[in-house]
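The values are calculated or read from the model by the stated rules, or taken from the named source; none is laboratory data. A quick note: this is a predicted structure, and the numbers were derived from the prediction, not measured. Here the Cβ positions follow ideal geometry from the backbone for every residue, glycine too, while neighbour counts run over all protein chains shown. Remember, those area values only see protein heavy atoms, side chains included, never the ligands or the DNA or RNA. Shrake-Rupley method; radii C 1.70, N 1.55, O 1.52, S 1.80 Å.
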Amino acid sequence: MKKLFTFALALLGFSSVTSAATVDDIAPLKHSYVLVCDELGARPGKGVLFGAEHFLDVTGGSTATNKGQVDLSVVDALGEEGAPLYVTQEIVDKYGADYPGPHYNWLRLKNAQDVIAMKLTAKSKVIMFIQGNNKVGKDARIPKIATDAELKNALNAAPDSIHPATVSGFRWEYTVEDDGLYYFGSYNGDMFVSFIIVEANEAPGTPTVKLGDQTYEGGLWFREVTAKANDMVEEGSTEKIPTVLTYTTDGTAPTASSPKYTGPIKCYQDMTVKFQAFMDLFGTGEFTQDDFCDGADNEANVTFSFDAPSIEADGANVTIVSPYEGAKNFVSINGGDFDESSSITLEESATVVAKSEIKNGDYTTFVSKTATKDVYVLNPIKEKKVIKVINGNAVLDEEATASSTTGEVYKVEGGEISADKKDFFVKNIEYAVVKNSDYQIDGMEIYIKMNNTNITFQVAEGDSVNVKVTCSKNACKKIDADDNAEDPTALVNDRKCMVNVSGTNYFHKDAEGNEASDLKLCEDANIIEFGLTAGTYTFQKYSGTGNILIYSIEIEPATADPEGIAIVKTAATANAARYNVAGQKVAEGYKGLVIVNGQKLIQK
């Protein structure tokens with residue numbers, strides 16, 4: 001079921017919510033369950049639980065609405081010879097009344113790129129209704145079940161040369177032998193799933209339980225729990241004995257004296273609703289504890305989920321806005337305690353975390369997810385600024401060294417950089433030690449390690465700056481990587497020195513303006529220069545490696561005379577005599593820095 005889950009300027013950074021779930025958070029499927037994929041509304045995303053927390057989206061992925069539909073209330077016509085019916089009469093009898101109407105083959109599973117996980121009990125049958133993207137034979141798209149997230153330890157066989165067509169749809173079934181964690185993807189490529197049905201190996205008479213969507217009505221939030229009594233058939237008998245249900249809402253096991261279930265139960269707070277079946281031997285609705293159906297219990301774990309408030313900023317003024325009427329908002333600054341507030345004024349840049357409390361009548365108060373934003377309150381760069389390590393001691397990390405396979409490991413104690421907090425917002429700063437003097441700059445041992453580091457600064461409207469980054473001589477993924485065997489003069493990716501600023505990678509250029517980022521092939525590859533126009537910029541991890549080690553960052557305003565700067569809005573050829581600058585011409589002999597698409601092209 002769907003889970004409803006001055007020159008000082010402030011700009012918003014990226015936001016995030018609570019930490020991603022892991023396989024440890026998956027609720028085991030002890031009872032039968034039907035996941036209607038297209039009722040999820042949106043692909044949950046990597047590390048998100050869905051389907052009453054029974055399913056984990058391991059990798060993230062996509063969805064589709066153009067891959068046909070499945071209706072569990074209508075028996076299919078016979079397919080190709082030997083092909084199983086997509087929807088059989090047995091399926092209709094079991095699920096048709098509860099899940100009427102067509103549903104899209106919606107949830108994409110593609111090899112190891114789109115993987116979901118679930119915890120199954122022994123002898124549980126998994127049924128998936130899929131569209132196989134029009135592939136047949138060995139290329140057929142069918143589910144792949146494995147005991148590992150990479151789907152290397154597959155439990156079911158790959159499709160063979162006579163595998164039936166999956167053009168109009170396909171029903172796939174698999175029964176697991178043991179309790180355990182199972183991963184599901186696809187053989188060969190894209191397939192699209194409408195229903196995932198888990199038929200657990202339940203005791204006779206086990207009731208069917210459904211948890212409804214989170215709903216707001218009459219000023220209150222609630223979720224509705226419904227149960228369906230199922231007949232009991234004793235072992236060795238064909239006689240169907242009707243059952244009646246009792247239930248509790250306090251987590252205790254129901255008995256014959258517990259309330260009798262007669263209709264939907266509205267829940268206004270987190271709780272566990274448990275059901276127990278009793279035999280109704282004479283069809284009168286009367287029963288005693290002696291009529292207890294052993295093992296025929298089920299439950300609904302009722303939880304509520306509320307979206308995080310939004311964090312909005314106008315200069316240093318920050319406003320917290322909840323989507324829920326009457327909610328109380330709370331704010332934490334730079335990891336401090338939460339204080340109730342919907343508006344604050346920052347004196348300097350900060351990481352703001354916000355959450356809301358939603359009172360649900362006299363029942364309970366819900367707490368929303370959290371939102372996180374970096375809010376920047378910065379003075380634009382108006383004079384030369386230099387960031388480098390100014391304090392710190394390199395000490396042997398004995399624990400890391402003991403397990404190292406590459407020799408001694410050092411750590412930095414008391415590290416500090418020269419970055420005024422009014423000019424730069426620095427967070428997650430990390431340091432690295434370079435002991436080999438061949439790779440050091442000016443004999444320096446301690447460097448800024450660009451591993452998720454954020455150093456943010458601002459360039460005012462109408463201004464431009466020149467940036468010079470000096471890295472260590474081994475600031476790459478693997479300085480000892482071999483040359484390209486076919487072309488020793490070709491750049492080697494693992495030896496490239498690059499810095500990432502707001503998603504753009506910058507590197508050293510040779511005299512012709514070509515990339516010169518290989519630290520072994522290019523003597524000055526550790527020195528990277530580029531220009532930036534107005535905006536807010538953040539140094540961050542270069543996507544190719546976490547081993548970019550920075551000696552210094554120099555940021556200096558560009559001047560128009562005598563050493564000017566020209567910003568070319570569109571690409572220009574390197575040998576052009578003139579450059580088109582927003583409709584104007586920069587003549588040959590211009591004394592300044594020419595920038596094309598944010599990259600320094602040539603000094604004239």
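Which of (1) farther than 26 Å from Asp24 by Cβ; (2) open to solvent by 40 Å² or more (accessible area, probe 1.4 Å); (3) not hydroxyl-bearing (Ser, Thr, Tyr) is the odd one out, the single condition Asp178 does not satisfy?
Among (1) farther than 26 Å from Asp24 by Cβ; (2) open to solvent by 40 Å² or more (accessible area, probe 1.4 Å); (3) not hydroxyl-bearing (Ser, Thr, Tyr), Asp178 violates only (1).
Count, please, the residues in segment 180-199 that happen to be in a loop (DSSP other than H, G, I, E, B) and either closer than 19 Å to Glu299 by Cα or at pLDDT below 90 (or both).
Of the residues in that region, 2 qualify.
Can you spot a residue in segment 121-136 that is in contact with a helix residue (DSSP H, G or I) (Cβ under 7 Å, 6 or more places away or on another chain) and either crowded, with 24+ Cβ neighbours inside 10 Å or at pLDDT 90 or above (or both)? Spell out the reasoning first.
Filtering segment 121-136 down to residues in contact with a helix residue (DSSP H, G or I) (Cβ under 7 Å, 6 or more places away or on another chain) leaves none.
No.
Considering Val321, Val331, which residue is surrounded by fewer than 16 Cβ atoms within 10 Å (Cβ to Cβ) and touching a Ser or Thr at 6+ places or on another chain (Cβ under 7 Å)?
Working: Val331 fails: surrounded by fewer than 16 Cβ atoms within 10 Å (Cβ to Cβ).
Result of the check over Val321, Val331: Val321.
Please enumerate the residues belonging to segment 341-384 that are buried (at least 21 other Cβ atoms within 10 Å of the Cβ), of a type in the set (S, T, N, Q) and closer than 16 Å to Pro323 by Cα.
If the condition is that a residue be buried (at least 21 other Cβ atoms within 10 Å of the Cβ), of a type in the set (S, T, N, Q) and closer than 16 Å to Pro323 by Cα, then Ser356, Ser368 are the ones that fit.
Starting from residues that are aliphatic (A, V, I, L, M) and in a loop (DSSP other than H, G, I, E, B), keep the ones in segment 448-467 and report whichever is surrounded by the most Cβ atoms within 10 Å (Cβ to Cβ). Full working, then the answer.
Start the filter on segment 448-467 by keeping residues that are aliphatic (A, V, I, L, M), which leaves 448, 450, 455, 459-460, 465, 467.
Subset that is in a loop (DSSP other than H, G, I, E, B): 450, 460.
On the way: Met450: 26, Ala460: 17.
Going through the qualifying residues, I end up with Met450.
What about Gly236, is it out of contact with any Ser or Thr (no Cβ under 6 Å at 6 or more places or on another chain) and open to solvent by 60 Å² or more (accessible area, probe 1.4 Å)?
For Gly236, the condition - out of contact with any Ser or Thr (no Cβ under 6 Å at 6 or more places or on another chain) and open to solvent by 60 Å² or more (accessible area, probe 1.4 Å) - is met.
Between a residue in segment 418-431 that is exposed (fewer than 13 other Cβ atoms within 10 Å of the Cβ) and any residue that is modelled with pLDDT under 95 and assigned to a strand (DSSP E or B), which pairs come within a Cβ distance under 6 Å, given they are 6 or more apart or on different chains?
Final answer for the pair search is Asn428/Asn454.
Count, please, the residues in segment 168-179 that happen to be of a type in the set (A, V, I, L, M, F, W, C), assigned to a strand (DSSP E or B) and modelled with pLDDT of 95 or more.
Residues in segment 168-179 being of a type in the set (A, V, I, L, M, F, W, C), assigned to a strand (DSSP E or B) and modelled with pLDDT of 95 or more: 0 in total.
Can you run down the residue pairs with Cβ atoms below 7 Å, 6 or more apart or on separate chains, where the first is in segment 147-159 and under 24 Å from Gly137 (Cα atoms) and assigned to a loop (DSSP other than H, G, I, E, B) and the partner is among the aromatic types (Phe, Trp, Tyr) and at pLDDT below 95?
These pairs meet every condition: Ala158/Tyr187; Pro159/Tyr187.
For segment 299-337, which positions are under 26 Å from the mean Cα position of the chain (by Cα), among the aliphatic types (A, V, I, L, M) and part of a loop (DSSP other than H, G, I, E, B)?
Ala308
Between residues in segment 391-405 that are open to solvent by less than 70 Å² (accessible area, probe 1.4 Å) and modelled with pLDDT of 95 or more and residues that are of a type in the set (A, V, I, L, M) and not in a loop (DSSP other than H, G, I, E, B), which pairs lie under 7 Å by C-beta distance while being six or more apart or on different chains?
Gly392/Val412; Gly392/Ile446; Ala394/Val412; Ala394/Val433; Ala394/Ile446
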